[in-house]
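Student: Take a look at the following structure, please.
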Amino acid sequence: MKITLVRHGMTESNYLEICQGRVNSELNESGRRQCKKLKEKLKDQHFDFCYMSPLLRCVETAIILIGDRVETFPDKRITERHLGEFENMPRKFYDADSYWDYDTNLSDRGVEPIQDVFKRCSEFLDYIKEKHKGQDILVVSHGSPIRALRHLILNHELKGNLMDDYIDNLYCETFEIEDK
């Protein structure tokens, strides 16, 4: 099976470097243009189903990318990490390295523990592998779930700081996964 992971297009908060977390932002014009460019690149790629975070920026991204070509399903397991008190604050106040340390698993200030993010992403991935054997799946989500899914798909050791790569707006990567 193939799983294509896509992070939503740019929002005004992304542009202003504001932590969104679960704030329900829509794409800005730049984000919509990004999506249209990616749509052109993906136009010949086959997808059997699309799963997306139910937050507006992901729904909008998925609709632009695939329209009604395939059935889409919102799934809360791939919703962005709850950032507690950091939501709607400048990104400079959020110490991502500390909150992405798997062993420390910080949850102060209302931030969702990183192990919880990995748990729900692992459950989602197991579900996809079981339900969609041999199919091509598009997943439209956010930076945190995309990063967690990448670590899980690539079988990385879950320990220490897992904030290894920045997942930019409209990041897109396809993985071949062995069916269970």
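The values are calculated or read from the model by the stated rules, or taken from the named source; none is laboratory data. For clarity, every value in this text was computed on a predicted model and none was experimentally measured. When we count neighbours, we look across all protein chains shown, and the Cβ atoms used for this are built from the backbone with ideal geometry, even at glycine. These area figures cover heavy atoms from the full protein model, side chains too; ligands, DNA and RNA do not enter into them. Shrake-Rupley method; radii C 1.70, N 1.55, O 1.52, S 1.80 Å.
Student: Report, for the chain, the % of DSSP beta bridges that are antiparallel, rounded to 5.
Tutor: DSSP beta bridges in the chain are roughly 40 percent antiparallel.
Student: Would you kindly derive the ³J(HN,Hα) couplings of region 29-40 from the backbone phi angles with the Karplus curve 6.51 cos²θ - 1.76 cosθ + 1.60 (θ = phi - 60°), listing them in order in whole Hz, with x for Gly and Pro?
Tutor: With the stated coefficients, region 29-40 comes to 4, 4, x, 5, 5, 4, 4, 5, 5, 5, 4, 4 Hz.
Student: What figure in square angstrom, to the nearest 10, would you give for the accessible area of Arg81 with a 1.4 Å probe?
Tutor: 0
Student: For the chain, with all protein chains present and a 1.4 Å probe, just round the carbon and sulfur fraction of the accessible area to a whole percent.
Tutor: 47
Student: How many nm separate the modelled label positions at Glu157 and Ser107, each set 7 Å beyond the Cα in the direction of the Cβ?
Tutor: With each label placed 7 Å out from Cα toward Cβ, I get 2.6 nm.
Student: Also, I was wondering about something else. What percent does the relative contact order of region 119-180 come to when contacts are Cα pairs within less than 8 Å and at least six residues apart? Don't jump to the answer; show the numbers that get you there.
Tutor: On the way: 23 pairs, mean separation 29.9, N = 62.
Answer for region 119-180 is 48 percent.
Student: Which of rounded, prolate or oblate describes region 1-159 when judged by the alpha-carbon gyration tensor and an a/c cut-off of 1.5? If you can, show how the numbers build up before the last one.
Tutor: Numbers: a/c = 2.22, a/b = 1.23, b/c = 1.80.
It is oblate, given that a/c is not under 1.5 and a/b is not larger than b/c.
Student: If you count only protein heavy atoms with a 1.4 Å probe, what accessible area per residue comes out for region 1-120, rounded to a whole Å²? Mind dumping the intermediate values first?
Tutor: Numbers: 6030 Å² over 120 residues.
Per-residue value: 50 Å².
Student: Using protein chains only and a probe of 1.4 angstrom, how many square angstrom of Val111 are accessible, to the nearest 10?
Tutor: Spelled out: Val111, probe radius 1.4 Å, area about 0 Å².
Student: Relative contact order for the chain: what percent, with Cα pairs under 8 Å and sequence separation of 6 or more?
Tutor: Values: 351 pairs, mean separation 66.4, N = 180.
It comes to 37 percent, rounded to a whole number.
Student: So if I take the centroid of the Cα atoms in region 36-59 and the same for region 106-180, what is the distance between those two points in Å?
Tutor: Using only Cα atoms, the two centres lie 17 Å from each other.
Student: For the chain, what does the helix formula give at 222 nm: sum of -39500 (n - 2.57) over DSSP H segments with n ≥ 4, over the residue count, nearest 500 deg cm²/dmol?
Tutor: Value at 222 nm, helices only, nearest 500: -10000 deg cm²/dmol.
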